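Values in this text are rule-based calculations from the coordinates and carry no lab data. Predicted, not measured: the structure shown is a model, and the values here were computed from it. So basically every Cβ, Gly included, is an ideal-geometry build from the backbone, and we count neighbours across all protein chains shown.
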Amino acid sequence: MYTGMLHTHTLVVMLFVILYLIKTTLLMMDKNETLRKFSAKTKVPEMIISFLFLATGIYLAINTGNKGMWLWVKIGIVALTIPIAVIGFKKERKPMALLAMMCLVYAYGISETKSPTFKKEADKEEFKNVAAVDLGKQIYEAKCMMCHGPDGKLGLSGAKDLTQSQLTPEQKIEIIRKGKNAMAAYETQLSEEEIKAVADYVNNLK
């Protein structure tokens, strides 16, 4: 369910951005009459896209396990963008329309990187001083528990029940390394030793 909502949200966000990019371009080129005709013709599709944008976004916000600062910044930016865009295009004010477009692109970037500064990669030295015996547990609690829960059964963000997994240790390592669906890839954030330690720890949750 979560993965389907995530894909739907991504699609409608892209359509929303494309729609506003066209409108912004027309306004900036002083083609106001063309803009009015375009807005009239796309009024119903825009309402549907806007509804799906908000509905899927709310669902994802409620059901995600990764409720970091990035999420609240993104929500704030989107909430700020809506009135700016409405006024900007209704009053045909170029600065406001351009600002709304920039805010949308910024919010999309935050969503993709899970960071207000677009810094996607973490420090690989983060766990270098953790004892080998505790390494898997420490990384799991820092990176995985927010969605999988302490016992592997929480299931937020579309996370699978780890206690019921039928994957081989090699398959688990590959998913941790490359990511899957809503799960991030950790090959740039964790060393091979750390990835194996997490996979070993997950095996013990059964």
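Details
- On Cα atoms only, tilt of 32-41 relative to the major axis of the chain in degrees: 60 degrees
- Stretching Ile62 away from Ile87 to a fully extended chain increases their span by 6.1 nm, per 0.36 nm per residue minus the current alpha-carbon distance.
- Cα shape, the range 132-203, gyration tensor, a/c 1.5 rule: rounded
- Cα centre as origin, Lys/Arg/Asp/Glu Cβ charges: the range 132-203 dipole, Debye: 280 debye
- Nitroxide proxy distance, nm - points 7 Å out along Cα→Cβ at Glu126 and Asn203: 2.4 nm
- Dipole magnitude for the chain: about 1140 debye, using +1 per Lys or Arg Cβ and -1 per Asp or Glu Cβ, origin at the Cα centre.
- By the count of other C-beta atoms within 10 Å, a proxy for reagent exposure, Ile173, Ile110 are ordered fewest to most as Ile173, Ile110.
- Highest-fluctuation residue, Val12, Val73, Val44 considered, GNM on the chain with Cα pairs under 10 Å: Val44
- For the chain, the residue among Thr117, Ala159, Thr24 whose Cα projects farthest onto the positive side of the dipole built from Cβ charges is Thr24.
- Distance between the 7 Å Cα→Cβ label points at Val105 and Glu141: 4.3 nm.
- Relative contact order %, the range 5-129, counting alpha carbon pairs below 8 Å whose residues are six or more apart: 28 percent
- Net charge in the neighbourhood of Lys137 (other residues with Cβ under 13 Å of its Cβ; Lys, Arg +1, Asp, Glu -1) is -4.
- Most mobile of Lys180, Lys114, Lys74 in a GNM of the chain (Cα contacts under 10 Å): Lys180
- Highest-MSF residue in the chain out of Ala40, Ala61, Ala159 [GNM, Cα springs under 10 Å]: Ala40
- Helix content alone sets the calculated 222 nm mean residue ellipticity of the chain: runs of n ≥ 4 DSSP H residues at -39500 (n - 2.57) each, divided across all residues, give -21500 deg cm²/dmol.
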